[in-house]
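See below for the structure under consideration.
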Amino acid sequence: MTGITRRILLAGAIALAVTPAAKAADPLKEIRIDWATYNPVSMVLKQKGLLEKEFAKEGITVTWVQSAGSNKALEFLNAGSIDFGSTAGSAALVARINGNPIKSIYVYSRPEWTALVTSKDSKIAGVADLKGKRVAVTRGTDPHIFLVRALLGAGLTEKDITPVLLQHADGKTALIRGDVDAWPASIR
């Protein structure tokens, strides 16, 4: 295994050791983990079956659950439908501030993965041109924070645009259909 994968497994094992489920009388049989297109590490782990191979030695199965965004991963964690979730750093921070009982065990961020996307025939040439426009956004995610900061940099606030609250994939679809004028997106 690569160094990063060992670190992730070690962090996961440590987190499991301190969770109530790990202290229960019954041995651990399953680990439920989210995967998301915004999290390349989860996609590689899932595709290569690295966690399945490692935990099979202990008789533990790995179940992957797809999440459509940081907010969905946090919902799954709070509902108890996953044991480990991946979110944008800002989403985890906001969730923790709001009292969600989550524990961050690994943080990796690449802010340049976010871009403000418009259609190819758009007249929007800069952030200031978003004034009065409809912008698809998933509230509480890194692309949302990116949008807010970009607006502030152009002398605008969210009150100057019409936010259209959608999940990431739905934002892309809305932009393609012409339902929104722009979409802050995680691009990979």
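Identify, by number, the condition in (1) of a type in the set (Gly, Ala, Ser); (2) over 13 Å from the mean Cα position of the chain (by Cα); (3) at pLDDT below 85 that Gly59 doesn't meet.
It fails just one condition, (3).
Out of contact with any helix residue (DSSP H, G or I) (no Cβ under 7 Å at 6 or more places or on another chain), in a loop (DSSP other than H, G, I, E, B) and of a type in the set (A, V, I, L, M, F, W, C): is that true of Ala73 in this structure?
When the stated conditions are applied, Ala73 does not pass them.
Looking only at strands (runs of 3 or more DSSP E) that lie completely in the stretch 130-188, which have at least 3 residues being modelled with pLDDT under 95?
Fully inside the stretch 130-188 and qualifying: 183-186.
Could you grab me the full set of residues in the stretch 36-59 that are surrounded by fewer than 12 Cβ atoms within 10 Å (Cβ to Cβ), charged (D, E, K, R) and assigned to a helix (DSSP H, G or I)?
Lys53
For the stretch 104-122, does any single residue satisfy the condition of being over 27 Å from Trp183 (Cβ atoms), among the aromatic types (Phe, Trp, Tyr) and outside any loop (DSSP other than H, G, I, E, B)?
No, because not a single residue in the stretch 104-122 is over 27 Å from Trp183 (Cβ atoms), among the aromatic types (Phe, Trp, Tyr) and outside any loop (DSSP other than H, G, I, E, B).
Considering only the stretch 87-103, how many residues are part of a loop (DSSP other than H, G, I, E, B) and crowded, with 23+ Cβ neighbours inside 10 Å?
Of the residues in the stretch 87-103, 2 are part of a loop (DSSP other than H, G, I, E, B) and crowded, with 23+ Cβ neighbours inside 10 Å.
Looking only at the stretch 135-166, count every residue that is among the basic types (Lys, Arg) and touching a residue at least 60 places away in the same chain (Cβ under 8 Å) and tell me the total.
Total meeting the criteria: 1.
Could you check, for the stretch 151-174, whether at least one of its residues is assigned by TED's automatic domain parsing to the domain that holds Asp121, of a type in the set (D, E, K, R) and crowded, with 16+ Cβ neighbours inside 10 Å?
yes
What single numbered condition from (1) over 20 Å from Trp183 (Cβ atoms); (2) modelled with pLDDT under 80; (3) in contact with a strand residue (DSSP E or B) (Cβ under 7 Å, 6 or more places away or on another chain) fails to hold for Leu93?
(3)
All but one of (1) touching a residue at least 12 places away in the same chain (Cβ under 8 Å); (2) in contact with a helix residue (DSSP H, G or I) (Cβ under 8 Å, 6 or more places away or on another chain) hold for Ala169; state the number of the condition that does not hold.
Of the numbered conditions (1) touching a residue at least 12 places away in the same chain (Cβ under 8 Å); (2) in contact with a helix residue (DSSP H, G or I) (Cβ under 8 Å, 6 or more places away or on another chain), the odd one out for Ala169 is (2).
The values are calculated or read from the model by the stated rules, or taken from the named source; none is laboratory data. Every value quoted in this text rests on a predicted model; they were computed, and no experiment measured them. We place every Cβ from the backbone using ideal geometry, glycine too, and count neighbours over all the protein chains shown.
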